[in-house]
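The block underneath contains the structure these notes are about, expressed in structure tokens.
The values are calculated or read from the model by the stated rules, or taken from the named source; none is laboratory data. Please read all numbers here as calculations on a predicted model, not as lab measurements. Glycine also receives a Cβ, built like all others from the backbone with ideal geometry; neighbour counts cover every protein chain displayed. Heads up: the accessible areas ignore ligands, DNA and RNA and are worked out on the full protein's heavy atoms, side chains in. Shrake-Rupley method; radii C 1.70, N 1.55, O 1.52, S 1.80 Å.
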Amino acid sequence: MLELLMKGGILMIPLVFCSVLALAIVIEKFITIRLIEVRSERFAEKIRDIINGNADNKVEKVLALCEMTSSPLARILKVGIEKRNKGRNEIKEAIQDAGSLEIPNLERHLKILGTIVTVAPLLGLLGTVFGMIRAFNVIAVQGVGEPGALAGGIAEALITTAVGLTIAIPSLVFYNYFMHRTDKIVRKFESVSSEFIDFLVGE
């Protein structure tokens with residue numbers, strides 16, 4: 001396998017780098033998105049328990065819970081609590097602004113993965129061009145009587161193309177998957193925030 005990759009030429013170096021980086025991002029996103037989902041769900045359940053309970057000082061208890069919880073949803077709702085003396089529209093706007101600040105954190109590294117999806121096939125295509133140039137140079141110098149030398153250039157062209165596509169295809173699948181998971185989290189935040197706004201306005 002290593003020998004095959006070495007035949008791909010100099011462009012195999014950035015292609016291997018892209019593959020390692022894509023794998024690292026995929027692993028990181030699986031872990032972080034799952035943690036955010038679990039923490040946000042637990043936090044939302046605790047918020048609902050406080051809101052639907054009979055205890056006094058519900059807003060203060062929710063605020064204390066927000067300050068103790070490391071979660072994007074907690075930071076969003078905390079902003080809403082700080083605006084609780086304002087009107088519904090101001091509270092909603094503040095929560096939306098806070099949510100827009102959290103979205104880049106949810107999508108962290110996805111732009112890099114999207115770039116790899118675009119760059120890897122282009123690097124493979126560039127390797128194809130280099131390989132074909134090499135093959136034609138062999139033909140120009142030695143003619144078609146040296147099939148071994150000619151095959152080396154063609155092999156370089158095909159290997160880089162194959163590797164570029166092998167990196168890009170699964171990267172695209174994971175990119176779309178993580179974007180879907182992120183959108184799902186955002187919709188969950190919006191739902192909980194809407195419930196919380198109703199609670200603050202009704203207090």
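Based on what the data block shows, is Gly148 modelled with pLDDT under 80 and either surrounded by 15 or more Cβ atoms within 10 Å (Cβ to Cβ) or part of a helix (DSSP H, G or I) (or both)? So Gly148 fits the description; yes.
Scanning the range 17-33 for residues that are in contact (Cβ under 8 Å) with a residue 24 or more places away in the chain and among the hydrophobic types (A, V, I, L, M, F, W, C) gives Cys18, Leu21, Ala22, Ile25, Val26, Ile33. The test for being in contact with a Phe, Trp or Tyr (Cβ under 6 Å, 6 or more places away or on another chain), within 27 Å of Phe174 (Cβ to Cβ) and either surrounded by 15 or more Cβ atoms within 10 Å (Cβ to Cβ) or of a type in the set (A, V, I, L, M) (or both) does not hold for Gly124.
Table: residues versus (1) in contact (Cβ under 8 Å) with a residue 24 or more places away in the chain; (2) in contact with a helix residue (DSSP H, G or I) (Cβ under 8 Å, 6 or more places away or on another chain); (3) charged (D, E, K, R).
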| site | (1), (2), (3) |
| --- | --- |
| Ser70 | yes, yes, no |
| Leu73 | yes, yes, no |
| Ile76 | yes, yes, no |
| Gly80 | yes, yes, no |
| Lys92 | yes, yes, yes |
| Asp97 | no, yes, yes |
| Leu110 | yes, yes, no |
| Thr115 | no, no, no |
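Scanning the range 168-195 for residues being within 16 Å of Glu107 (Cα to Cα), hydrophobic (A, V, I, L, M, F, W, C) and surrounded by 13 or more Cβ atoms within 10 Å (Cβ to Cβ) gives a total of 7. With respect to the conditions (1) in a helix (DSSP H, G or I); (2) open to solvent by 100 Å² or more (accessible area, probe 1.4 Å); (3) modelled with pLDDT under 85, Asn54 falls short on a single one, namely (1). Looking across the range 60-75, the residues that are within 19 Å of Ala94 (Cα to Cα) and charged (D, E, K, R) come down to Glu60, Glu67, Arg75. Among the residues making up the range 69-93, those that are open to solvent by less than 90 Å² (accessible area, probe 1.4 Å), closer than 24 Å to Arg181 by Cα and not β-branched (Val, Ile, Thr) are Ser70, Ser71, Pro72, Leu73, Ala74, Leu77, Lys78.
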